[in-house]
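The values are calculated or read from the model by the stated rules, or taken from the named source; none is laboratory data. Everything numeric here is computed off the predicted structure, so don't read it as measured data. Every residue, glycine among them, receives a Cβ derived from its backbone with ideal geometry; neighbour counts consider all protein chains shown.
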Amino acid sequence: MTLFLPQPNHIHKPPLVPYRRLRKPYTLPVISAVSGKQLVTSGEVRAVEPKEAKTVVASEGYVLLDVRPDWEREKARVKGSLHVPLFVEDTDNGPITLLKKWIHLGYIGLWTGQRFTMFNGEFTLRVLEAFPDKKSKVLVVCGEGLRSLMAISKLHGEGYKSLGWLAGGFNRATERDFPEIEGSEELRFATIGGASYYLLKLLVLLQNFGKESR
């Protein structure tokens, strides 16, 4: 004999929410960077080598958009470049954020000097203010090339179609690539901080000492 148990009418499954609706671009920076890289690979965004940047800006009408955070730009910046940081320092002092900051400091901050950051919610708005014409030629740059990939992914989605990306960022630039630099550091060293900064200074000092002793 087969028993049929009655099913309560009040029990129902909650509706499924599509993953796409839950996702926000600024919570998935890796995906944004991959999308930016795909734009470069496909040719929709122009890849510019550091040695070409000066000519691209002077002769082709591109404007340099620096998306590094404030503390990196303060160390070294290209004269005449515009600045809209993609990430800003997270100043929230809630218990969860403080815990994340301590973990960040222990694993990353002490060695690299990088601060705990969050996405700049005003990034798109400030870029629109700087470049109201979406046909503007914008050469996006950061320290290592990753954050600028995220930025071009976001800006391309906003309708900017004449974007350039500085391949490898300022880390690959030499003094000859950008002759007019403001700040106390070389462009390629501006991203470095913390204990690694002092190690780098020591290595540069030893390298120069070795050259002089030859």
Could you tell me which numbered condition Lys134 fails, if it satisfies all but one of (1) modelled with pLDDT of 95 or more; (2) touching a strand residue (DSSP E or B) at 6+ places or on another chain (Cβ under 7 Å)?
(2)
Looking at the stretch 37-51, I want the residues that are closer than 16 Å to Leu166 by Cβ and have a partner that is in a helix (DSSP H, G or I) and among the hydroxyl-bearing types (Ser, Thr, Tyr) with Cβ atoms under 8 Å, at least 6 apart or on another chain. Which pairs are those?
Leu39/Ser153
Limited to the stretch 58-107, what total is found for residues that are part of a helix (DSSP H, G or I) and at pLDDT below 75?
13
Filter the stretch 46-57 down to the residues that are in a helix (DSSP H, G or I) and β-branched (Val, Ile, Thr), then identify the one that is farthest from the chain's Cα centre (by Cα).
Thr55
Give me the residue from the stretch 137-149 that is part of a helix (DSSP H, G or I) and in contact with a helix residue (DSSP H, G or I) (Cβ under 7 Å, 6 or more places away or on another chain) and, out of that set, surrounded by the most Cβ atoms within 10 Å (Cβ to Cβ).
Leu149
Restricting to the stretch 150-178, what's the tally of residues that are closer than 12 Å to Thr124 by Cα, over 12 Å from the mean Cα position of the chain (by Cα) and assigned to a helix (DSSP H, G or I)?
3
When every residue in the stretch 155-174 that is among the hydrophobic types (A, V, I, L, M, F, W, C) and touching a strand residue (DSSP E or B) at 6+ places or on another chain (Cβ under 7 Å) is compared, the one surrounded by the most Cβ atoms within 10 Å (Cβ to Cβ) is Phe170
Selection within the stretch 112-131 - crowded, with 18+ Cβ neighbours inside 10 Å, modelled with pLDDT of 90 or more and over 13 Å from the mean Cα position of the chain (by Cα)
Val127, Phe131
